[in-house]
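The values are calculated or read from the model by the stated rules, or taken from the named source; none is laboratory data. In this text the structure is predicted, and so the values were computed from the model without any measurement. Note that we place each Cβ from the backbone using ideal geometry, even for glycine, and neighbour counts take in every protein chain shown.
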Amino acid sequence: MSHQDYEACEDGWAGSRQDPHMLNMRLYVPAVLFLVTLLLWNGTASAFCGFYVAKADSKLFNKASEVAIARAEDKTVITMANDFKGDVKEFALVVPVPTVLEKAQIHVGDAAVLKHLADYSAPRLVEYFDANPCRLLYPESRSMDMMGKASPSLQREKALGVSVEAQYTVGEYDILILSANESAGLETWLTENGYRIPKGASSVLHSYIKQNLKFFVAKVNLGEQAKLGLTHLRPLQIAFESPRFMLPIRLGTVNADGPQELFVYFLTRQGRVETTNYRTVRLPEAQEIPLYVKDRFGDFYRDLFAQQVKREQHRGVFLEYAWDMTWCDPCAADPLSGEELRSLGVFWLEPQGRPGRGPQAQNVFLTRLHVRYDEAHFPEDLLFQETSDRANFQARYILRHPWTGQDECTAAAAYREQLYGRYEQQAQTLATLTGWNIGEIRKAMNLAARPTRDENKWYQRLWNN
Amino acid sequence: MCFIRLIERVSCRFRSCDPRLYQIASLSTLLAYGLLWLHFDVSILQIALTFGTALVTQYAGTRLYKLPAFDPLSALVSAAGLCIFLRTNSMAVAALAAGIAIASKFTIRWQKKHIFNPTNLALLVVVTGSLGWISPGQWGQAAWFGFLIACLGSLVVTRAVRADVTLSFLGCYIGLLTARALWLGDPLTIPLHQLESGTLLIFSFFMITDPKTTPDSRVGRLIFTLLVALAALGVQFVLFRPHGPLWALLICSPLVPLIDRCFPGSRYDWARPSKGELTPPLSAPVFVPLSIPSQQRRVS
């Protein structure tokens with residue numbers, strides 16, 4: 001508040017004192033007290049970023065899908081990762097899309113770029129090493145503000161009310177864009193043409209048809225795949241222009257065997273993306289955990305995530321990473337190059353004169369959301385909005401190595417004394433974050449074997465006896 | 001029976017108070033819940049600046065427009081609403097939003113009545129300018145019933161003078177959402193999920209109910225709320241944009257003078273809450289300067 005504002009504020013209070021209405025006076029006191037209390041309660045968060053040691057791979061989770069969405073001005077490019085493990089003859093993909101797509105709007109991407117994006121944004125483990133307390137100020141006083149905050153017969157199609165709006169072969173995929181008049185016909189058509197549709201999908205298809213969505217269906221063209229000499233399926237990409245900013249998840253929840261995992265990476269121009277019809281929650285971050293977690297970081301993160309899902313009553317969407325694409329700290333992988341970003345659909349980046357990596361990525365903000373969904377808790381498709389929030393966030397967990405030197409000084413004695421408290425705190429944090437048994441954590445940390453502060457009672461320390 | 005009597009007693013006790021006091025208490029409680037349990041991204045500085053700027057602007061407006069008394073209650077309601085809805089990383093934006101909200105009451109007027117709900121207007125100006133954002137999903141579904149109780153409590157305590165607005169808006173909105181779900185063949189869990197929104201409840205009980213920006217007559221209010229509900233669904237399901245109810249209220253607010261002209265009622269005064277019936281001498285269907293003489297006008 002400026003000085004002038006402040007004066008105006010004071011005038012305001014004076015004015016009220018002259019006011020004969022005592023009601024106004026009665027209001028000021030609680031209002032001021034409320035504000036003062038809130039101000040006192042305010043704390044500052046400080047963090048520093050440490051050295052990167054490990055990341056939690058998205059492959060940790062079963063039945064995980066990965067989707068990258070690049071979007072600006074209603075122009076959207078969706079990249080769908082494909083980690084299909086079975087017989088490629090069995091592979092079929094049905095995705096509701098808002099418009100009939102032309103061949104040029106469909107592309108086959110590079111799985112390595114998507115993997116790079118996943119690695120860059122993965123939850124990470126960092127480590128610090130305590131300095132010699134006899135020589136340096138304790139590093140906790142340091143703070144960095146980096147974190148901020150096939151072609152069926154035409155007659156059959158007609159009879160079923162299904163129209164093949166377009167048909168293309170792109171890379172190793174045969175692609176059809178279907179529209180339909182009614183869901184039963186579409187379901188029959190898909191089944192007859194080898195697309196396995198789960199029982200009960202009819203009502204969901206019906207809803208999408210009524211909402212005037214088209215269906216993008218893909219199968220693998222074995223001949224093309226053999227010609228290309230590919231052993232794996234590459235990600236499919238579609239580009240369209242539509243105000244709808246959503247991800248249809250309902251078909252995936254029909255008759256699903258348990259909850260499913262979804263990672264969505266948003267590349268936007270303005271800022272962070274969040275869901276508008278579900279609560280988007282930041283994962284706990286910058287927590288100090290015991291050193292032994294270094295070898296079990298995958299287990300740690302999986303259990304932490306499960307615990308957070310439970311805490312949000314299985315209805316939360318979790319933010320794992322939100323960062324400006326130009327940098328990272330610490331980096332789980334290098335930021336993506338301009339070329340890589342363009343291949344993921346970041347159309348607003350101009351192509352660079354020379355190929356290769358470089359710090360040229362500008363005006364691209366990455367948001368990584370992780371959601372565990374099922375029909376009961378996520379009845380509606382995910383709806384998103386882009387916000388103007390460019391505050392950086394990363395799911396980052398800290399290992400802090402104690403100083404193990406033999407120097408003797410008062411500071412060293414005090415340092416060794418507080419270490420036990422720190423270990424206990426780390427054990428408690430780990431138990432709270434993951435739901436692991438505190439006893440087992442203490443055992444793994446060898447905490448039981450250490451002398452505890454309680455052995456020296458307060459009165460013993462007082463009189464030194 | 002005892003319970004009903006108890007409610008009546010509580011209601012009688014509160015009848016002597018300004019209804020906005022309950023609104024301030026409810027909104028502050030919801031804000032505190034959001035901060036402490038849901039960890040809203042609202043800094044204490046932002047809250048202080050929002051309240052401070054709102055009060056200063058109200059005071060400046062009172063002086064500038066030579067109003068008889070400084071009445072901070074409406075400014076406090078608007079500030080609490082902004083703290084609950086608005087998210088921004090810039091403190092200047094938080095202050096700007098509060099300034100816009102309160103200043104709009106003094107400047108954007110028609111027939112001695114402000115046109116836009118101050119909080120609603122400020123929120124949408126800030127969001128449209130990409131200066132801040134609103135997180136409609138921030139409340140989650142967990143505390144929905146607690147929310148509902150807190151909101152329903154406002155009906156009891158505020159003498160239910162504008163309960164018709166809340167009830168008719170929610171009635172229209174729920175009806176239209178359910179009709180859409182039935183037409184799409186969706187399970188009813190979908191409209192239920194869409195209704196389990198803290199943001200929708202706050203909008204229905206604390207924003208659209210502002211007697212100063214809704215039609216004066218009951219018929220007018222029913223027509224108005226139906227229009228808002230229809231526009232809200234249009235924004236969400238035809239234009240596919242977020243914040244449907246907020247945009248709908250902004251779009252429909254300029255229609256209020258027209259509705260008042262067709263269906264006149266008595267002007268609302270916070271000091272003498274009424275349901276909008278015209279007193280007999282004013283019952284003729286002509287648009288006349290309503291109950292508050294200009295020397296006693298209030299801007300709140």
request  = Quick one: B:VAL56 ticks every box in (1) part of a helix (DSSP H, G or I); (2) modelled with pLDDT under 90; (3) closer than 28 Å to B:VAL93 by Cα except a single one, so which number is it?
outcome  = (2)
ask   = Of the residues B:LEU123, B:LEU148, B:LEU177, which is under 29 Å from B:VAL238 (Cα atoms) and at pLDDT below 90?
value = B:LEU148
ask   = Going through the range B:64-87 one residue at a time, which ones are facing chain A (nearest Cβ under 8 Å) and charged (D, E, K, R)?
value = B:ASP71, B:ARG87
key: A:GLU140 being surrounded by fewer than 14 Cβ atoms within 10 Å (Cβ to Cβ) and either among the small types (Gly, Ala, Ser) or at pLDDT 70 or above (or both)   = no
Boolean, A:PHE318 is within 14 Å of another protein chain (Cβ to nearest Cβ), within 16 Å of A:PRO123 (Cα to Cα), buried (at least 19 other Cβ atoms within 10 Å of the Cβ) and at pLDDT 90 or above = yes
task = Of all residues in the range B:33-49, count the ones that are in a helix (DSSP H, G or I) and either at the interface with another protein chain (Cβ under 9 Å from one of its Cβ atoms) or acidic (Asp, Glu) (or both).
result = 6
task = May I ask you to verify whether B:GLY198 is of a type in the set (Gly, Ala, Ser) and within 14 Å of chain A (Cβ to nearest Cβ)?
result = yes
request  = Would you check if A:THR326 is among the hydroxyl-bearing types (Ser, Thr, Tyr), surrounded by fewer than 21 Cβ atoms within 10 Å (Cβ to Cβ) and part of a loop (DSSP other than H, G, I, E, B)?
outcome  = yes
ask   = Any idea which of A:ALA104, A:ALA112, A:ALA122 is at pLDDT 90 or above, more than 20 Å from A:PHE240 (Cβ to Cβ), surrounded by fewer than 20 Cβ atoms within 10 Å (Cβ to Cβ) and assigned by TED's automatic domain parsing to the domain that holds A:PHE216?
value = A:ALA112
task = Give, as residue ranges, the strands (runs of 3 or more DSSP E) completely inside the range A:160-273 that count at least 3 residues that are modelled with pLDDT under 90 and within 14 Å of chain B (Cβ to nearest Cβ).
result = none
